[in-house]
1. Tally the residues that are farther than 20 Å from GLU165 by Cα and either within 14 Å of the ligand (Cβ to nearest atom) or surrounded by 14 or more Cβ atoms within 10 Å (Cβ to Cβ) (or both), restricting the search to the stretch 30-45.
2. Would you be able to tell me the number of residues in the stretch 8-20 that are in a strand (DSSP E or B) and within 13 Å of the ligand (Cβ to nearest atom)?
3. Can you tell me how many residues in the stretch 77-106 are at negative phi, of a type outside the set (A, V, I, L, M), surrounded by 15 or more Cβ atoms within 10 Å (Cβ to Cβ) and within 14 Å of the chain's Cα centre (by Cα)?
4. Considering each of LEU5, LEU23 in turn, give the residue that is assigned to a helix (DSSP H, G or I), surrounded by 13 or more Cβ atoms within 10 Å (Cβ to Cβ) and at pLDDT 95 or above.
5. Within the stretch 110-124, does at least one residue satisfy the condition of being polar (S, T, N, Q), surrounded by fewer than 19 Cβ atoms within 10 Å (Cβ to Cβ) and near the ligand (Cβ under 10 Å from one of its atoms)?
6. Go through the stretch 130-169 residue by residue and tally those that are away from the ligand (no atom under 13 Å from the Cβ), over 15 Å from THR113 (Cβ atoms) and not in a loop (DSSP other than H, G, I, E, B).
Amino acid sequence: MDTYLETERLTLRRFTAGDADLLIELDSDPAVMRYLTGGAPTAPEVVRGRYLPNILANYEKWGGDLGLFAAEEKDGGAFIGWFILRPEPEGPLDEVELGYRLRQAAWGKGYATEGSRALLGKAFTELGVRRVRAETMTVNRGSRNVMEKLAMTFAGNIPTPPGMEAVEGSEHGGVRYEITKEQWERR
Ligand SMILES: CC(C)(COP(=O)(O)OP(=O)(O)OC[C@H]1O[C@@H](n2cnc3c(N)ncnc32)[C@H](O)[C@@H]1OP(=O)(O)O)[C@@H](O)C(=O)NCCC(=O)NCCS
């Protein structure tokens, strides 16, 4: 399996057509989905019919180095979740969004910070990225803490995305964090 990125404890790789069950299992945990859907799982047929085909198509579209990447523990190879680096739809490839979704068993070990930090490094030194942003719900403290640990800067409040009005805490809207290449170099 081709490695996309290695950290101290993790290997990131591209997803393949055989990975639907990993994504289905990840999205079936209500705790993982708490601030994304309010806890509802993603239907397996949606993962198979739409999510995974889009993930694979986007590697082609974005040149192979942007997209959604499966993260595995180096020690034992367990799938722990995914990280994403992606441009806006039809946006420039040098401005990307960072995201992460990890299995509950992997929380609290510094993995989100470790994987994200390595992705920022790759984005700014190898991929020609100039700005990385990240968004989450205002009340998603864990996700915000990751952004803050990455030395990303609070860049403002954003409205709750359409369809997420029923999610706990959505009345507080969302937050956006950013880091530019210059800020990353001075961190
Ligand atoms: C949010 C998430 C990625 C955090 O992953 P993680 O690997 O546990 O994060 P880290 O261990 O790197 O933690 C980074 C910091 O945030 C803190 N933190 C993590 N989760 C937290 C939580 N739920 N509440 C408060 N602080 C939290 C950690 O303690 C750590 O700070 P510290 O080093 O000072 O102790 C993980 O909980 C997750 O995947 N959740 C479900 C999906 C999701 O909400 N994704 C983000 C959507 S925008």
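The values are calculated or read from the model by the stated rules, or taken from the named source; none is laboratory data. Note that the structure is predicted; figures quoted are calculated from it, not measured. Ideal geometry is used to build each Cβ from the backbone, glycine not excepted, and the neighbour counts take in all protein chains shown.
1. Here the count works out to 1.
2. Selection size over the stretch 8-20: 1.
3. Here the count works out to 9.
4. LEU23 is the lone residue from the list that is assigned to a helix (DSSP H, G or I), surrounded by 13 or more Cβ atoms within 10 Å (Cβ to Cβ) and at pLDDT 95 or above.
5. Yes, the stretch 110-124 contains a residue that is polar (S, T, N, Q), surrounded by fewer than 19 Cβ atoms within 10 Å (Cβ to Cβ) and near the ligand (Cβ under 10 Å from one of its atoms).
6. 6
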